[in-house]
Amino acid sequence: MSETKTASISPVIIGCDHAAYTMKECVKAFLTEMGVDVVDAGCHGLESVNYPDFAREVAQKVSDGTYERGILLCGTGLGMSMAANRFKGVRAALVSDGFSARMSREHNNSNVLVLGARVIGESLAQDLVRIWMETPFGGGRHQERIDMFEGFGS
Ligand code: RB5
């Protein structure tokens, strides 16, 4: 019997607010189809909630190494990215085009993808997630540049 080796993909933690609940469910299903285990940090419905609570749930666990990568969604993606980037070692990238999604991995080693559910549609969100999941970090000079700002503000 032949054995097929597949690269293991680490689980991704995902969080959203009410404005992005529907898109979060769509992204979750898409990741599952890709064979990625998803840990859902909420929210779990359309009732109004505060996005910083969910940004903290996800960013804290990426910052402390519990998860390598996270995904956050809110209406614009702005609040989630601002809040997530307060956590040490978190490089949250708000993207709405494929080129930026790819570059955020290749050049910036982004470990949190942020999407704005009131800005982009579900098909684009899926494309961005796929690109972001599949693009490796380039390392080298890009790591040196990341090292230059990791200590900013501390
Ligand atoms: C919620 O109304 C909205 O402010 C939130 O989803 C997000 O867009 C914040 O940046």
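The numbers here are math on the coordinates, done by the rules we state, and not lab data. This structure is a prediction, so every number in the text was calculated from the model and none was measured. In this analysis, Cβ positions are derived from the backbone assuming ideal geometry, glycine residues included, and neighbour counts consider all displayed protein chains.
Based on other C-beta atoms within 10 Å, arrange LEU94, LEU46 from fewest to most. Don't jump to the answer; show the numbers that get you there.
On the way: LEU94 24, LEU46 10.
The most exposed by this proxy come first: LEU46, LEU94.
At 222 nm, what helix-only mean residue ellipticity would the chain give, in deg cm²/dmol to the nearest 500, using -39500 (n - 2.57) for each DSSP H run of four or more?
On the way: 6 runs with 65 residues, N = 154.
For the chain, the value works out to -12500 deg cm²/dmol.
Report relative contact order for segment 14-154 in percent, whole number only (criteria: Cα-Cα under 8 Å, sequence separation at least 6).
Details: 250 pairs, mean separation 32.8, N = 141.
Relative contact order comes out at 23 percent.
Over 20 Å apart: what share of the alpha carbon pairs of the chain falls there, rounded to a whole percent?
Working: 5392 of 11781 pairs.
Result for the distance tail: 46 percent.
Most exposed first by the Cβ proxy, i.e. fewest other Cβ within 10 Å, how do ILE9, ILE71 rank?
Details: ILE9 15, ILE71 27.
Listed from fewest to most nearby Cβ atoms, that is ILE9, ILE71.
VAL114's amide H: which non-local residues (gap 5+, or another chain) put their own amide H closer than 5 Å, with H modeled 1.01 Å from N in plane and none for Pro or chain starts?
LEU72, ALA93, LEU94, VAL95
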